[in-house]
Amino acid sequence: MVPDADFRSYHDRPIIKPPVWKVPDVPAYLYLGGTAGVSASLAALADLTGRPGLRRSGRLVAAAGAVSSVAFLIHDLGRPERFLNMMRVLKPTSPLSVGSWILAPFGTATGLAAASELAGLLPGAGRAAGAAGAVLGPAMTTYTAVLLADTAVPGWHEAYRELPFVFAGSALASGGGAALLTGHGDGPPRRVAVAGAALELAASHRLESRIGMSAHAYRTGRAGRILRAARAATAAGVVAAVAGPAADALHRRRPRRRRLLDAVAGLLLNGGSAATRWGVFDAGMATAWDPAYTVVPQRERLRRREAEQEERHE
């Protein structure tokens, strides 16, 4: 009797071609883009509701995040012209092409809004640019999740339902956390940060519960350690964000205590968001390199189809 073949490939070589993306470039690109998208939307909301401090901080964070994410992306690509080449055509069926056409105008709009804010010139043009950035902001928070899920990497592709919610929640937590960190987190930013953190934690739990064998990569190795740290930081950030108003009510004569709690909450929420993107990236790369994550689920699906066919024949 010949024993059943196991899942290993020739000399343990990967069966699919792993992405050539690098750390920290791509995880930083994923995190900064999401934070910038939410910050742009909060800045536009602040402009409409007469909150100049939140508008200013939101515009500056959005512009800095957009520029930094482009810089990390270009560094990962190796040459600046490769990013420009992605702008030559718009291919609606390609998440990478659509993402490029979201990132470029978003960076331009948020840059113009920040320049108007810093210079104090052309407030009408700054408001229009800020509104354009706010319109593109929600797409900035989730298009990178679609980009990852559209690959053949098992750890990302099998999580195509949950990844947009994980990334959206992570971006809301970090964007609201950035407002808390800059001292303008009262009202909507605080609620956005707490709601985003809750969405991120719930969607992450759902992801690991649903995707089968690939969930092992999210729980073990470096990815597992990073994601556990991300969840701890996010949960602690929520506690600090909620504790801020409570501390203000108890110690009205000590506003420093609230500002300190808000700053700690902002740091924790942004640290948790960045770690979540890094952990998701690492988990996907682990499933790309190990042939087991490709072959074992394929054979399970094949066995299920054969069993279903036998049942229909009976």
- For the range 21-68, what is the convex hull volume of its Cα atoms per residue in Å³? 45 Å³
- Query: From the Cα gyration tensor of the range 6-99, with a ≥ b ≥ c the square roots of its eigenvalues, which class applies: rounded if a/c is under 1.5, or else prolate if a/b is larger than b/c, or else oblate?
  - Reply: prolate
- Task: Provide the packing ranking of 16-25, 277-286, 165-174, 209-218, i.e. peptides ordered by the mean count of other C-beta atoms within 10 Å per residue, highest first.
- Result: 165-174, 277-286, 209-218, 16-25
- Item | Anisotropy class of the range 78-196 from Cα gyration tensor, a/c 1.5 cut | oblate
- For the chain: rounded, prolate or oblate by the Cα gyration tensor [a/c cutoff 1.5]: prolate
- Query: Using 0.36 nm per residue, how much length does the chain from R312 to T49 gain when fully extended, once their Cα-Cα distance is taken away?
  - Reply: 88.4 nm
- Message: Compute the helix-to-body angle for 255-289: its Cα long axis versus the longest principal axis of the chain, expressed 0 to 90° and rounded to tens.
- Response: 20 degrees
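How much area per residue is accessible in the chain when the probe is 1.4 Å and only protein heavy atoms are counted (Å²)?
Normalised by residue count, the accessible surface of the chain is 51 Å².
Between V23 and L121, what is 0.36 nm times their sequence separation minus the Cα-Cα distance? Round to one decimal in nm.
So the extension gain works out to 31.4 nm.
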- How much of the accessible area of the chain, in percent, comes from carbon and sulfur atoms when a 1.4 Å probe is used? 63 percent
- Item | Degrees between helix 221-250 axis and first principal axis of the chain (Cα, 0 to 90, nearest 10) | 30 degrees
- Message: Apply the Karplus curve 6.51 cos²θ - 1.76 cosθ + 1.60, θ = phi - 60°, to the phi angles in the range 93-104 and return the couplings in whole Hz, x for Gly and Pro.
- Response: 7, 10, x, 5, 5, 5, x, 5, 7, 8, 5, 5
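Quick one: dipole size for the chain, taken about the Cα centre, charges +1 on Lys/Arg Cβ and -1 on Asp/Glu Cβ, in debye to the nearest 20.
Roughly 1260 debye, rounded to the nearest 20.
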- Message: If you fit an axis through the alpha-carbon atoms of helix 25-49 and take the longest principal axis of the Cα set of the chain, what angle between them do you get, 0 to 90°, nearest 10?
- Response: 40 degrees
- Task: Report, to two decimal places, the Cα Rg of the range 171-292 normalised by 2.2 N^0.38 Å (N = number of residues).
- Result: 1.20
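The values are calculated or read from the model by the stated rules, or taken from the named source; none is laboratory data. In this text, all values refer to a predicted model and were calculated from it rather than measured experimentally. Reconstructed Cβ throughout: ideal geometry from the backbone, glycine too, with neighbour counts over all protein chains shown. Heads up: the accessible areas ignore ligands, DNA and RNA and are worked out on the full protein's heavy atoms, side chains in. Shrake-Rupley method; radii C 1.70, N 1.55, O 1.52, S 1.80 Å.
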